[in-house]
């Protein structure tokens, strides 16, 4: 596959603040990549570097093989929508969609109109008078209907209620299947977005903690449940991502178990449970914090 985004040693400092530190990853064409991490992890800074809105302190990022900085040819193929999108005071919802129609060559006005109806957006209302959820809906409509070759969504759906977010996820998957393009989805709502993702890049403390295929990542760990002594015996010498105990029952999340290890766990009377993408990332992030503190 061809890389749409390539980051190599990408670094951004603001004085003594290290927002992004030696970040390297690749996003392939026609994929949905989750840029995941806690609030303040550096996700938005990475997206601003990808779209040329920030200058790297060190390292480089290329988009479609070129630097995105002051590069109209690259930016014309890119749509970047963020939750904190700022609009002119006089702009109404209809003005945002009209501007988008001029900016994005693949804009689908009919599809945008259907989304307006489904998300119940009051297009004649000024953007500054809309609720947070309504402004979020305008953002996701632009992100979907633009059908840009590269679409970056920096949590514009965070203001939507649960029903509207599910509607957005369904539309994203359906329209991506019908009109493949490269999508980078920044979110801390990992469990909700997990089914959408082909690839995962986890940023923690400004550094890349995980860069992996989503399906491969899901298979890297398993949770074992059983008596405390049996769990402790089995887990000794293995990579433990997390422990929990209630009374005499314990559970441990282990990484890197082979099929033979899993069979041995079952033979020892332990129960095996799958680990969700969110559980895996939370556990790895906790371990990363503990390593820094130690």
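Summary table below
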| item | result |
| --- | --- |
| Whether the stretch 217-290 is rounded, prolate or oblate, judged on the alpha carbon gyration tensor where a/c under 1.5 counts as rounded | oblate |
| Least to most buried among 171, 228 (fewest other Cβ within 10 Å first) | 228, 171 |
| Nearest-ten-degree value, helix 162-178 long axis tilted from longest Cα axis of the chain | 80 degrees |
| Extension gain from residue 26 to residue 76, taking 0.36 nm per residue of separation minus the Cα-Cα distance | 15.9 nm |
| Binned Cα-Cα distances of the chain, short to long, each 10 Å bin given as a whole percent | 6, 25, 29, 22, 12, 5, 1 |
| Within the chain, percent of DSSP bridges classed antiparallel, to nearest 5 | 65 percent |
| Sorted peptide list for 264-272, 278-286, criterion being average Cβ within 10 angstrom, highest first | 278-286, 264-272 |
| Distance from the stretch 206-276 to the stretch 93-151 (C-alpha centre basis), Å | 44 Å |
| Equivalent ellipsoid dimensions for the stretch 96-145 as semi-axes, Å, which come from the Cα gyration tensor, largest first | 18, 12, 9 |
| FRET efficiency, 1/(1 + (r/R0)^6) with R0 30 Å, evaluated for residue 118 and residue 262 via beta carbons | 0.10 |
| Relative exposure of 225, 27, 163, judged by other C-beta atoms within 10 Å (fewest first) | 163, 225, 27 |
| Modelled FRET efficiency - R0 35 Å, residue 276 with residue 90, Cβ distances, 0.05 increments | 0.20 |
| Helix 132-145 vs. the chain, principal-axis angle (Cα, 0 to 90°, nearest 10) | 80 degrees |
| Principal-axis tilt of helix 93-103 within the chain, Cα atoms, nearest 10 degrees | 90 degrees |
| Gaussian network model of the chain, springs between alpha carbon atoms under 10 Å - residue of 11, 51, 223 with greatest fluctuation | 223 |
| GNM result for the chain, Cα springs below 10 Å: residue of 240, 164, 273 fluctuating most strongly | 273 |
| Ordering of 67-73, 31-37 by burial proxy (mean other Cβ atoms within 10 Å per residue, highest first) | 31-37, 67-73 |
| Computed over the stretch 3-213: relative contact order in percent, which uses C-alpha pairs under 8 Å that are six or more apart | 30 percent |
| GNM flexibility winner over the chain from 245, 84, 57 (Cα, springs under 10 Å) | 245 |
| Sum of -39500 (n - 2.57) over DSSP H runs of 4+, divided by residues of the chain (222 nm, nearest 500) | -10500 deg cm²/dmol |
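Here, each number is a calculation from the coordinates, and none is a lab measurement. Predicted model, so just to flag it, every value in this text is computed and none were measured. Because the Cβ atoms are built from the backbone with ideal geometry, glycine has one as well, and the counts that use them run over all protein chains shown.
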